[in-house]
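So the structure is just underneath, and the comments pick up after that.
The values are calculated or read from the model by the stated rules, or taken from the named source; none is laboratory data. Just so we're clear, the structure is a prediction, and the values are computed from it rather than from any experiment. Counting neighbours? That spans all protein chains shown, and the Cβs are built from the backbone with ideal geometry, glycine included.
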Amino acid sequence: MRRSTLVAAAVLALLAGYIYWFEREPVEDAKGEEVFGVEKDAIDRIEIRRASAGEPVVLEKDPEKGWRLITPVAAEADEGEVDLLLQNLATMRSERVVARASSVKLSDFGLEPPAIDVSFRTKDGGERSLAFGSDAPTPSNQFARRDGGEDILVVASHLSLNFDKSGWDLRDKAVFVLEAASEATRVEIERPEGRLALVSEGGLWFVAEPRSRADRNLASGIASRIRAAEMKEIVSETPGALETFGLDAPSRRVRITLEGEGSPVLELDVGASKDGDYYARTPAREQVFVLASDMVSELDTAVSEIQSKKLFDYATFAAKRLRIEEKGAAPRELERQEATGEKKWRHSSPEPARDLDTTAVEDLLYALNGASGSVVATPPTGEPDLTITVWSGDPVIEEAILVRKKADGVEATRKGESVALELTEDVWNDIEAKMKLEPPEEKAPPE
């Protein structure tokens, strides 16, 4: 072996031993010297160059519009992803320096060229950078070089993973750009199964046709899912030939009306299938993108599944007032009393007024709240045998059911709806038994 080769091998071995000795413990995020010591709010430009990608990713902060992606495409930035980058730049630490750049080969540390090179600009015009190299001999550590300077640092290797981001990773993938978190008041979906319209009224959700109560969780979940929809992939930055994506005649069309005067109407067109997912676009933006299949499946939820099978939607603890109107009898009014800080129920009408057994009233409320049946497409007609109304919540929501007894069971219609619920005899008999409310038992006076 040539003498020069032996000398080089010896130097490399000494260097490796030096690094291992000073590097034998992983760097901890909470220890060591701050790499930059900069406030995250002071940064207004970030550039990421990756050896695995040709074009850099550049982000800039607009004073009015916030963070935007400049390259590889111009787009809104994902605020959450950008905040993670800023947090890392502001808090990253290095516990030790293991070598001087002028005394070693940078390639031995994976720094010529670096795997990832991150640079940023501060509002005062300052330019800083950090190059990430190869993994260090000990676990969870990585070599890095700050500002192109002399020090070869050791940092936690997970830091570079946070900067290993493409333009797609860092762009805002929200289908709708919403400045305010307005709630949806109406959702209309044209779909192969037929049109579905959901409307929010007085704190409750309804299927518009046939008019029927909607399952609150399902209806609000569909509205929320559409409002928060994200693009899975962008296939074209411009609409182009819509027939290529099946968007000239969409398979599904969605319109969401948001609460508040002047709020935008959100529109979404869904086109042909793409590898199990779906092409889509919205008139509010240029791109043709891909929606996940589970998102589209939610749009196709059957009306029969969305329709609520429950008599009432109230929460028992929030009930404030109850009225029971039986045919041929005076209405019974029950009100919750909380003036003394202790929850009590009182029979207020007809006279005479009297206190009721609170547990018995709550048992009735739980029975009404938990009762459910099967939907009957054509509701019964004629005068009801019984009407039960419950007021609950703040602001107060009023719910009423009209009960008609039949030879083979009971049908209940929620007031103002076009369908009825068929109840089993067991369910109704349990409710009817609990409606026989009595005053609380008086405790015997102490002897």
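Listing for the model above:
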quantity: For A136: the one exception among (1) over 30 Å from Q287 (Cα atoms); (2) surrounded by fewer than 18 Cβ atoms within 10 Å (Cβ to Cβ); (3) not polar (S, T, N, Q); calculated: (2)
quantity: The stretch 354-407 - residue that is assigned to a loop (DSSP other than H, G, I, E, B) and among the hydrophobic types (A, V, I, L, M, F, W, C) and, of those, nearest to W205 (Cα to Cα); calculated: V396
quantity: Given (1) small (G, A, S); (2) in a strand (DSSP E or B); (3) touching a residue at least 60 places away in the same chain (Cβ under 8 Å), index of the condition S200 fails; calculated: (3)
quantity: Qualifying residue in the stretch 158-169 (condition: of a type outside the set (V, I, T), more than 14 Å from P113 (Cα to Cα), assigned to a strand (DSSP E or B) and within 38 Å of the chain's Cα centre (by Cα)); calculated: no
quantity: Only listed residue being outside the structural domain of V396 (by TED's automatic domain parsing), modelled with pLDDT under 95 and farther than 30 Å from K415 by Cβ, chosen from A284, A280; calculated: A284
quantity: Residues of the stretch 40-92 satisfying the condition of being surrounded by 15 or more Cβ atoms within 10 Å (Cβ to Cβ), of a type in the set (K, R) and either under 27 Å from A284 (Cβ atoms) or not assigned by TED's automatic domain parsing to the domain that holds E127 (or both); calculated: K61, R68
quantity: Positions within the stretch 218-243 being within 14 Å of the chain's Cα centre (by Cα), in a loop (DSSP other than H, G, I, E, B) and at pLDDT below 90, in sequence order; calculated: A228
